[in-house]
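Down below is the structure, laid out as structure tokens.
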Amino acid sequence: MHALLILSVAIIAFPIYFAFVVSTQSLAEVVQKPPRLLPSGHLVENYVAAWHKSKMGTLLFNSAIVAIVIAVGKISISMLSAFAIVYFRFRGRQLVFWMIFVTLMLPVPVRILPTYEVVGDLGWLNTYAGLTVPLMASATATFLFRQFYMTVPDELAEAAQMDGAGPIRFLWSFLLPLSWANIAALFVVLFIYGWNEYFWPLLITNTESMRTVVIGLESLIPRSGTEQPTWNLIMAGAMMALLPPVAVIVFMQRWFVKGLVESEK
Amino acid sequence: MKRTVFRNRWLPYLLVLPQVAVTIVFFFWPAAKSLYLSLYRSAPFGGRDVFVGLANFHALLTDPDYYDSVVNSFIFAGGVTALSVVAGLVVATLANQKIRALGVYRTALLWPYGIAPAVAGIIFLFIFHPAYGILPYYLSFVTAYEFNWLLESWVAMTLVIGATAWTHVGYNIAFFLAGLQGIPASVMEAASVDGAGPVRRFTSITVPLISPVTFYLVVVNMVFAFFSSFGVIHAVTQGGPGRSTEIMVFKLWKDGFIGLNLGSSAAQSVLLMAIVIGLTMLQFRIAEKKVTY
């Protein structure tokens, strides 16, 4: 059993190991037969070359901005709307709930052309606002917070009201401190979603300086048949593009599993 | 239902405003516009829209290219789902043993989920590379067949399916592990005492007891493969060779943003909407029943 498990881990890890190995080799080593499966000594020079060739600093910076703004934005607006839905009675409450639910059925591809048009009309093409705001509505995050608020004992709100705390004070000083586990869990999942989004940033960015790393990586791959692809640099670029989200998973594993499993319910 | 609620006439509206604003401006309005555009033939570069009824749909449904993209989508989504769900269940079962350092194993199994399918595609592209790839090289000792994804449709399809399933298997492992922990150890022990081996226990106990999770994951993986796989196709095969890996989402983009055939692209959006609505309904029907085993 143990051996089979180790084998599974090895199979799952192999593509990354191989990409890492290639990213440390010279081009001559990359194309030699039989393939070399051990790292070589060109790590630093390859990563530096890939960094400059694809303007990796800008790409990584843009990806970080996009992923963080999407995650924080989704969490914030979802917390506020879930709070309103659970702790207030107001006309249209049910309608708001259903509107948020329906967004689940409208992924980017089914509204792509008109959304592009709207972002254009707002003057948001090629801006961080255009990259992030249209992706910020989140049914899953709203449901998660709604579910969580329902489990918070009524006594807490009663006590807060007794102390004379208004709704905003209650949200800020009572609910927020209780919500950190949920926030951390959602953050990991949404950060990865934002970092890895491809379709949307490809459409609405048209200059290299606004590209995110997932789409910018493609610039390392020559599409004309005449140029020899520098596979070692491509793999170095791929390693740099996948390191941040993978690091987030590894270091926040507990939250990641919680966020994944609970936000899908 | 909360007994304690706050009373305020306008505050709840203010609180839902950001979410509702984003929902209307970037979800409902564009979706409605997709429906509208799908009934018109619009000239690119600012011409007038001409109402054409269902002509865009008629054109699509009689177009062999569109038919191909539908078939490709189902092959792709079916392949990704089958591969990542089956692999996910097997690996999760292996990891669900009472062994030390489970946490380390779990991390080692989950992390590919952080890799974008497009980036995974680029790595697999090199592994599959006809001239330098490690896979064709080792296969060349076994068979003379040339595994060239630039020429062979099925090799290209296998490449994109493999890369996508690889990034998604961790997701399924996480769900299966959560589900497997809900199966009482006493059931497994009883089966062991009765002489059932590991394989028998897996097929006769684990698979039936975990089936609600499996059905749920099948639907979620289908949705993922249908709607979030533009990147891997765009970055790796560009729909080729020929149009053999051109899935519906890729064709929609190509017809709309490259071909500037807005009416047809909108009609494709509407048909995709029908698919996602069906799958989401199914997902929630299953989610309701999920806990009942």
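Among the residues making up segment B:26-61, a single one is β-branched (Val, Ile, Thr) and either surrounded by 18 or more Cβ atoms within 10 Å (Cβ to Cβ) or touching a residue at least 60 places away in the same chain (Cβ under 8 Å) (or both): B:52. Considering every residue within segment A:248-258, establish whether at least one is within 12 Å of chain B (Cβ to nearest Cβ), among the β-branched types (Val, Ile, Thr), on the phi < 0 side of the Ramachandran plot and surrounded by fewer than 17 Cβ atoms within 10 Å (Cβ to Cβ). Yes - at least one qualifying residue is present in segment A:248-258. Just give me the residues in segment B:229-246 being buried (at least 23 other Cβ atoms within 10 Å of the Cβ), part of a loop (DSSP other than H, G, I, E, B) and facing chain A (nearest Cβ under 10 Å), in sequence order. Hit for segment B:229-246 is B:229, nothing else. Could we say that residue A:208 is crowded, with 17+ Cβ neighbours inside 10 Å, at pLDDT below 90 and of a type in the set (Asp, Glu) here? Criteria not met by residue A:208. Assessment of segment A:55-66 against the conditions (more than 18 Å from residue A:245 (Cα to Cα), out of contact with any Phe, Trp or Tyr (no Cβ under 8 Å at 6 or more places or on another chain) and buried (at least 19 other Cβ atoms within 10 Å of the Cβ)) yields no matching residue. Among the residues of segment A:85-101, those that are without any contact (Cβ under 8 Å) to a residue 12 or more places away in the chain and closer than 30 Å to residue B:262 by Cβ comprise A:98, A:99. Of all residues in segment A:187-216, those that are within 12 Å of chain B (Cβ to nearest Cβ) and closer than 19 Å to residue A:124 by Cβ have Cβ atoms under 9 Å from Cβ atoms of residues that are among the acidic types (Asp, Glu) and outside any helix (DSSP H, G or I), 6 or more apart or on another chain, in A:212/A:197. Only residues that are at pLDDT below 85, buried (at least 20 other Cβ atoms within 10 Å of the Cβ) and among the hydrophobic types (A, V, I, L, M, F, W, C) were counted in segment B:117-133, giving 0.
Does residue A:23 satisfy being hydroxyl-bearing (Ser, Thr, Tyr) and within 26 Å of the chain's Cα centre (by Cα)?
Spelling it out, residue A:23 is indeed hydroxyl-bearing (Ser, Thr, Tyr) and within 26 Å of the chain's Cα centre (by Cα).
Checked against the criterion of being of a type in the set (Phe, Trp, Tyr) and within 30 Å of residue A:105 (Cβ to Cβ), the candidates B:227, B:202 yield just one match: B:227.
Out of curiosity, is residue B:215 of a type outside the set (A, V, I, L, M), assigned to a helix (DSSP H, G or I), within 13 Å of another protein chain (Cβ to nearest Cβ) and in contact with a helix residue (DSSP H, G or I) (Cβ under 9 Å, 6 or more places away or on another chain)? For residue B:215, the condition - of a type outside the set (A, V, I, L, M), assigned to a helix (DSSP H, G or I), within 13 Å of another protein chain (Cβ to nearest Cβ) and in contact with a helix residue (DSSP H, G or I) (Cβ under 9 Å, 6 or more places away or on another chain) - is not met.
Would a scan of segment A:24-34 turn up a residue that is touching a Lys or Arg at 6+ places or on another chain (Cβ under 6 Å), under 30 Å from residue A:14 (Cβ atoms) and more than 8 Å from chain B (Cβ to nearest Cβ)? Checking segment A:24-34: at least one residue is touching a Lys or Arg at 6+ places or on another chain (Cβ under 6 Å), under 30 Å from residue A:14 (Cβ atoms) and more than 8 Å from chain B (Cβ to nearest Cβ).
The single residue among B:131, B:144 that is of a type in the set (Gly, Ala, Ser) and at the interface with another protein chain (Cβ under 10 Å from one of its Cβ atoms) turns out to be B:131. Flag set for residue A:49, criterion: surrounded by fewer than 22 Cβ atoms within 10 Å (Cβ to Cβ) and within 15 Å of residue A:233 (Cα to Cα).
The condition of being of a type in the set (Ser, Thr, Tyr) and farther than 30 Å from residue A:98 by Cα holds for only one of B:36, B:67, B:40, that being B:67.
Restricting attention to segment B:92-108, the residues being more than 15 Å from residue B:181 (Cβ to Cβ) and within 7 Å of chain A (Cβ to nearest Cβ) number 2. Of the residues B:244, B:264, B:228, the single one that is under 17 Å from the mean Cα position of the chain (by Cα) and in contact (Cβ under 8 Å) with a residue 40 or more places away in the chain is B:228. If you filter segment A:103-117 down to residues that are among the hydrophobic types (A, V, I, L, M, F, W, C) and in contact (Cβ under 8 Å) with a residue 12 or more places away in the chain, you find that the one that is surrounded by the most Cβ atoms within 10 Å (Cβ to Cβ) is A:112.
Where in segment A:92-181 are the helices (runs of 4 or more DSSP H), entirely inside, with at least 1 residues that are within 9 Å of another protein chain (Cβ to nearest Cβ)? Steps first, please.
Working: elements: A:93-102, A:112-121, A:128-132, A:139-151, A:154-162, A:167-170.
Those helices (runs of 4 or more DSSP H) span A:93-102, A:112-121, A:139-151, A:154-162, A:167-170.
Residues of segment B:75-108 that are crowded, with 16+ Cβ neighbours inside 10 Å and under 19 Å from the mean Cα position of the chain (by Cα): B:75, B:76, B:77, B:79, B:80, B:81, B:83, B:84, B:85, B:87, B:88, B:89.
The values are calculated or read from the model by the stated rules, or taken from the named source; none is laboratory data. Note that the structure is predicted; figures quoted are calculated from it, not measured. Note: ideal-geometry Cβ built from the backbone for every residue, glycine included; neighbour counts use all protein chains shown.
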